[in-house]
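Derivation of every value follows stated rules applied to the coordinates shown; laboratory data play no part. All values derive from a computational prediction rather than experimental measurement. Every residue, glycine among them, receives a Cβ derived from its backbone with ideal geometry; neighbour counts consider all protein chains shown.
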Amino acid sequence: MYLLKTYFSSENKVLLFLPIIVFVIAFLLHYIMVIKIQSELFANTIESVREKVLNDEKVVFTDNLIGNSMVYVLQIIGITISLNIGFLFFNEKVKFKKIIALALKSSIILTLIYLIIATLFYFGNLYTFNDLYNIETKFTLATFTKDFDSKSLKNMLEMFSLTQMVYLLFLSLGVKYLMNWDYKKAFLEVSKIYGTGFLISLWTT
């Protein structure tokens, strides 16, 4: 807990870039692992087939890298705006730069998840980028709506994944240290802000 408190409380600007560094490392590992595995699987095939497979994998990787990068940036922007509005609503005076720092630092949990996913190449029988980037779809709340006919309900729950839940818990920890609240209060306040922002984003899509 001491390390986490230091991480969130420190004004060292280098820590702001740590989540981005982890993000880059994670996707670099994804690329190396998949290309290596595919090269080995198709080592005995003709070169043209092997090159096509590798090129197709590179396209999937590039699309997901761009897509995930955009989602990552938009999520930080969205959380920053939501927290700023939420703190103003609750009459809490917090400097905007501290809110940005909080959103950035909390995002490290998202990048660490991408890094952890890389280990599944060794334990989860993953061979392609599609295998890798479809993992999260198996851990959304939509899995509990198989017997429901409401398409809007399914779309909403598909947006809220296990990753989002973990991020919510970690963000609450950051708010706890920023505001000197107990964790229960921090979690409740962040849930209100996060939930409202989530519903607004859903309504506007």
#### Entry: Full-stretch length increase - LYS58, LEU112 - with 0.36 nm per residue and alpha-carbon distance subtracted
17.2 nm
#### Entry: Phi to ³J(HN,Hα) by Karplus 6.51 cos²θ - 1.76 cosθ + 1.60 over the stretch 99-114, Hz, x for Gly, Pro
5, 4, 4, 5, 4, 5, 5, 5, 5, 4, 5, 5, 6, 5, 5, 4
### Task
For the stretch 1-90, run through the GluC sites (Glu not before Pro) and keep only the ones in DSSP coil with at most 13 other Cβ atoms within 10 Å of their Cβ.
GLU11
### Message
Using 20 Å as the Cα-Cα cut-off, could you pick out the over-long pairs in LYS5/LYS192; LYS58/LYS105; LYS36/LYS58; LYS13/LYS93; LYS5/LYS185; LYS93/LYS192?
### Response
LYS5/LYS192; LYS58/LYS105; LYS13/LYS93
## Note on the structure
Under the rule rounded for a/c under 1.5, else prolate if a/b exceeds b/c, else oblate, using alpha carbon gyration tensor axes a ≥ b ≥ c, the stretch 21-84 is classed as prolate
### Task
May I ask you to derive the FRET efficiency for LEU16 and ALA43 from their Cβ-Cβ distance with R0 = 41 Å, giving the value to the nearest 0.05?
0.45
